[in-house]
Each structure stands twice: as C-alpha cells, then as structure tokens.
Amino acid sequence: TGPLMASAIRRIYAKQSLKFVLNGTKDFNATLKRCAVATLGEMVKTKEGKRSRKQILDALRRLMKAREAPIRAASADSFFAMAGKDVQPDILTLATDNAVEVKRAVAHALRAFKGPEAVKFLLKYMEETDPFVLANATETLGIFEEKEALQPIINKLNHKKVNVRRAATKALVKLGNNLEQRKPLLSFFSERLFDSDGEVRLTAIEGLLLVKGPQMVILMGPCIQDPLPQVKKAALFAMAATGHPSAVEGISGALEDDDLEIRRAAIDALGKLKRKEAKPVLEAYLTKEKDKGLSAAAKKISRSL
C-alpha cells in the first residue's frame, strides 16, 4: 500500500548520508521528495546529523513554506522527530496552515510539544471533519490526558470511521485514569463492547477495568463469545480482576472452548480470581481435558485453592 511503501522509502533514506537525503528533498518525484523531507528530522539521531542540526533545521524552515501541502506536512513529520524548544515555534506556525494534509501531520506531531498552545490547536482540530485529523488530534489529547478534551472525545466514540472510534476509545481510557468520578465511564465503555471493530472492543474492556465492581462479570459475559481470541482473553482476566464469586461461572464457560489457548486463559483467570468456589469447577474440568499441559496447570491451581 501507499503508506507502507512510503515507510519503506523513509527507512532506506534514513540509512543514507545527510547530503543524499538533502538532495532527495529536491527530487522531481513527489513521493521520493516527500519521504526525504519527512526523513530529515530522523537524521539528527545519527552521528552525522547531530553535528548538522542547524543545517537540517535551516532546510526544513525553507521546506515548511513550500507551495505543495504534502511537503509542508512532511516538514511537520520531521519537526516531530527532532522535537525540541528550538523547533516548537515552527510546529506552531504549521498549526495555522489550512491544508488538510498539514493538519493531519501537525495533529500527530503536537504530541511532542505538550503545552497550552498545542492543546488550543488540538481542540480546534476536534471540530474538523477529516477523519485522519480527528483521529490524530484525539489520540494526542489522550496522550496529554487533557481533561478539557473529555467531552469532545466522548462525542467521537460513535464516529462512523473506525480510526476515529479507536482513537477516542483509547483516549478515554487515558483520561479515565485521572478522573475522580469514574462511574459515568461505565456506560460509555459498555456500549463500545458491541462495536464492529475488535480493537475498539478490546480497548473498551481495558476502560471498564477502571470502574471496579461485580457488574463487570455481567458485562464481560457476551465477550466470552467474541470472535476475536484477544477479546475473549481480555474478558476472562477482566472477570478475574473483580475477585467476585459470580465470576467463577462466567470464566468456567471458557473451559469448554475449542481453542486450547482460550482454555489455558480460563485456567489462568480462575487462578487469578483466587476463589475456592472454582475448585470443584476445575476438578470437573480435569475429567474432560485431554491436553496434558492444561491438565497439569489446572491441577496446580486447584490445589492452590
């Protein structure tokens, strides 16, 4: 795909001399030119580049004024890679650029320049319609754990584009870590358990762990039947984290799963739950399990209970 190709070209450029990359910023091929510009910031991490930071910065300051929006966007990528006080004014200047390509790049790059100015631009980006601008801005505000962004992030949880929903769900988890009142998060994350995207569902389980309580056992019930193994496993350990006796029944259902790894996760979850009510469940399971490794694990946990 285009993004993967561009990433490969940038990795190749990063292994070349600074002179070679600077020449690449003048290439007639638009893709090669943009990749070279985006790689300049990475060059400061090399031995040669450290000595030439000023030269790289001078080149980027010319390129950030280029007529082509993709080149200006690529300069933002480089400023992100070489983040520091000396380039902060440059990235904030690019934040005023109206080209959507630049907004996408800056919304990502600002995460290296945390501060009130960055937050101001990011909150403004949250009013955009482009899904890539929204996703990048949402993710960056989540990294900042910016409480002022709570409602804008919640508003994006049901966005039609999956990349925005993923970013919003992850950002809400990060913000939730610092909220004194976490109960309202219960409804937001429980709705995400039925999202069509597995990554959103998985992140929602992580978010629900912020709201401790026996209700987690009920909420995680449907997740045990999720088509994605990662979601099943996360649900099992989320049940175990409650420490509630009702979790024994919920977890035990996964002992019948066709997938050996899911059965292993269920055994481990019962071990983490540490409820004596799980002992007879494990003993009954031992009469059916044919895998020696799982039988041994189940016996060990049963004895510990």
Contacts under 8 angstrom Cβ, first residue in region 146-157 being within 9 Å of Ala171 (Cβ to Cβ), partner of a type in the set (D, E, K, R), 6 or more apart: Lys156/Arg165
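Looking only at region 180-203, decide whether some residue is of a type in the set (Ser, Thr, Tyr), over 14 Å from the mean Cα position of the chain (by Cα) and open to solvent by 50 Å² or more (accessible area, probe 1.4 Å).
Checked region 180-203: at least one residue is of a type in the set (Ser, Thr, Tyr), over 14 Å from the mean Cα position of the chain (by Cα) and open to solvent by 50 Å² or more (accessible area, probe 1.4 Å).
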Looking only at region 153-179, and only at residues there that are closer than 23 Å to Glu127 by Cβ and in a loop (DSSP other than H, G, I, E, B), the one that is least open to solvent (accessible area, probe 1.4 Å): Leu157
Subset of region 29-57 [of a type in the set (Lys, Arg) and surrounded by 15 or more Cβ atoms within 10 Å (Cβ to Cβ)]: Lys33, Arg34, Arg53
Test: Lys65 is open to solvent by 10 Å² or more (accessible area, probe 1.4 Å), more than 23 Å from Gly198 (Cα to Cα) and in a helix (DSSP H, G or I): no
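Residues checked against (1) small (Gly, Ala, Ser); (2) touching a strand residue (DSSP E or B) at 6+ places or on another chain (Cβ under 8 Å); (3) in contact (Cβ under 8 Å) with a residue 60 or more places away in the chain; (4) surrounded by fewer than 22 Cβ atoms within 10 Å (Cβ to Cβ):
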position: Ser78; (1), (2), (3), (4): yes, no, no, no
position: Thr96; (1), (2), (3), (4): no, no, no, yes
position: Val100; (1), (2), (3), (4): no, no, no, yes
position: Arg104; (1), (2), (3), (4): no, no, no, no
position: Arg111; (1), (2), (3), (4): no, no, no, yes
position: Glu117; (1), (2), (3), (4): no, no, no, yes
Some residue of region 238-249 being within 19 Å of Arg166 (Cβ to Cβ), assigned to a helix (DSSP H, G or I) and among the polar types (S, T, N, Q): no
One residue from Ile251, Ile262, Ile267, Ile224 being of a type in the set (Val, Ile, Thr), within 23 Å of Phe188 (Cα to Cα) and open to solvent by less than 60 Å² (accessible area, probe 1.4 Å): Ile224
Among the residues listed as Phe79, Phe132, the single one being of a type in the set (Phe, Trp, Tyr), under 21 Å from the mean Cα position of the chain (by Cα) and closer than 30 Å to Gly24 by Cα: Phe132
Evaluation of Leu186 against (1) of a type outside the set (D, E, K, R); (2) at pLDDT 95 or above; (3) in a helix (DSSP H, G or I) (one fails), failing number: (2)
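The values are calculated or read from the model by the stated rules, or taken from the named source; none is laboratory data. Since the model is a prediction, treat every value here as computed from it, not as a measurement. We place every Cβ from the backbone using ideal geometry, glycine too, and count neighbours over all the protein chains shown. Just the protein is used for accessible areas: all its heavy atoms, side chains included, with ligands, DNA and RNA removed. Shrake-Rupley method; radii C 1.70, N 1.55, O 1.52, S 1.80 Å.
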